[in-house]
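The values are calculated or read from the model by the stated rules, or taken from the named source; none is laboratory data. For clarity, every value in this text was computed on a predicted model and none was experimentally measured. All Cβ positions, glycine included, derive from the backbone under ideal geometry; neighbour counts span all protein chains shown. Accessible surface is based on the protein model in full, side chains and every heavy atom, while ligands, DNA and RNA are left aside. Shrake-Rupley method; radii C 1.70, N 1.55, O 1.52, S 1.80 Å.
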Amino acid sequence: MSFATPCSKQVIKNALAGDRLAYGQIYNTYKQAVYSLAYRMLQNPDAASDILQQVFLKVMTRLADVKDYSKFGSWLKRIAYNCVIDYIRANEREMTGFDDDHFAGGDYSGKQDSLAELDLDSLLKGLSGRERAVLILFSIEEYTHQEIASELGISESNSKQIYSRSLQKLSQLAKLERYSGSKVGSYE
Amino acid sequence: MSKTSSIQDLFISKWQQAEERPVPNMADQSVEKSVLDAFDKHHSNVTSNLSKSGYGWFYAMAASLFIAVFSWQFFYQGKSINGAPSQPDTVLVLAINESKELETAFEQLRLQATSEFVYVQKFQLEKELILINSKLADAYRHQGSLQDKLQLWHQKNKTLSQLNALLAKTESVHATHI
C-alpha cells in the first residue's frame, strides 16, 4: 500500500463522524507507507514507530481539513514528512550518520555503477538525518532548496551544501563497499 | 555535474525500486491500539465533558498519589541512624516535593481548551507520564534501588514540566505546518 492508494470519501466521512472502524481502515491502508517513509528518513525502527503514531494522531485531529478526497494520500504524506522533519530538528545531534573520517583520503572518482549494488537502506544509513532529509526532499519530492531551507530551519546555501555533500557521501559509500567487499553497515 | 546527476538518478531509481517496509508486528499492534484509543477519546471529548480521558487521568492521578504516599513511607523507613536523611534521600525528597508542585500546576492547566496541535503533544506527554507512573509503582513494589527511583522521579518532573510549559503557552503555540 502506498500513499497513492485511494481512500473512499465515505470512509473519511465516517471517520470524521467518529467511526472507529473507518479510522482503523485508514490506518491500515496507509500505515506501511508512513512507516516506510519514516524508516527511510530516520533509519531507526523505534523512531519510525513513534512517527507512525504521531502521524495518525495528527491526521485524527485534522481530518476535517481534507478538501480534496482524491488527494488524501498526498495530504497524509505531507503530514508524515512534517512529523519526520520535526523529529530530525529535535534530534539532530543523535542522527550523525558516518562522520567524515570514514571518507578521509578518498577521491570521488569511483565508478558510480557500484552504487547499483547497494540497497537503499545501506546507502541512507551512511548519511546524517539532515543529509537524508535534504537528499530525499530535493531528489524525490522535488522541493526547492528554498522550501527545504524553510522546513529544516537552515539557509538555502546550507541546503545546497548538504545536498552536494550527501551525493559525495553516496558516491564514497559505494566506493568503500566496492573495495572493502563488506557491507556499508559495518562501518558504524 | 553529470557525475552528480548520475548519482542522483541512481538514487532515485533505487528509491522507486525499493519495496515498502512492513510495520513490525509488535509496533503495529501497539500503535494501532493507542491511535484508535486516542480516536475514541477524541470523539468522546466532543460529545461529553465527562470523557474517558477524564477517567483515565483520574486513575493516573490516583496512581501518582499512591506512589507519593509509598515513597514517603519508604523514605522514613530508610532514614539513617542519627535520624537525619542522607544525601540521596534528601535529593529524593526534593524530587518528590517538586513533583507534587508540578502536578498541582498541571491539574489547574489540564482542562483548558487546547488547539489540535497542542492536543497531540499533550496526548503523547500524558501517555509518557502514565508510563513513568507505572514504572515508579513497580520500583516501589519491588523495592528498586534509590538511584532508579530518583531517576524516575526526575523523568516524571521533566515530563510534567514539559506539559505545564506546553499548556501555559498554549495560546502562543502555533503549528508551523500541518
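Jot down the per residue volume, in cubic angstrom and as a whole number, of the convex hull over the alpha-carbon atoms of segment A:130-174.
Details: hull volume 2.4 nm³, N = 45.
Dividing the Cα hull volume of segment A:130-174 by its residue count gives 53 Å³.
From the protein chains alone at 1.4 Å, what is the descending order of accessible area for B:D89, A:D119, largest first? All intermediate terms of the calculation are to be shown ahead of the outcome.
Values: B:D89 15, A:D119 85 Å².
Correct descending sequence by accessible area is A:D119, B:D89.
Efficiency by 1/(1 + (r/R0)^6): what FRET value for B:N97 and B:S30, r their Cβ-Cβ distance, R0 = 35 Å, to the nearest 0.05?
Efficiency for this residue pair is about 0.55.
Cross-link list A:K160/B:K169; A:K160/B:K41; A:K67/B:K41; A:K9/A:K160; A:K71/B:K14; A:K67/A:K160: which exceed 32 angstrom alpha carbon to alpha carbon?
Too far apart for the 32 Å limit: A:K160/B:K169; A:K160/B:K41; A:K9/A:K160; A:K67/A:K160.
Under the definition of Cα pairs under 8 Å and six or more residues apart, what whole-number percent is the relative contact order of segment A:3-73? Working shown, then result.
Numbers: 54 pairs, mean separation 29.8, N = 71.
After rounding, I find 42 percent.
Rank these residues by their accessible area, most exposed first, probe 1.4 Å: B:F11, B:F117.
Working: B:F11 0, B:F117 55 Å².
Result, largest first: B:F117, B:F11.
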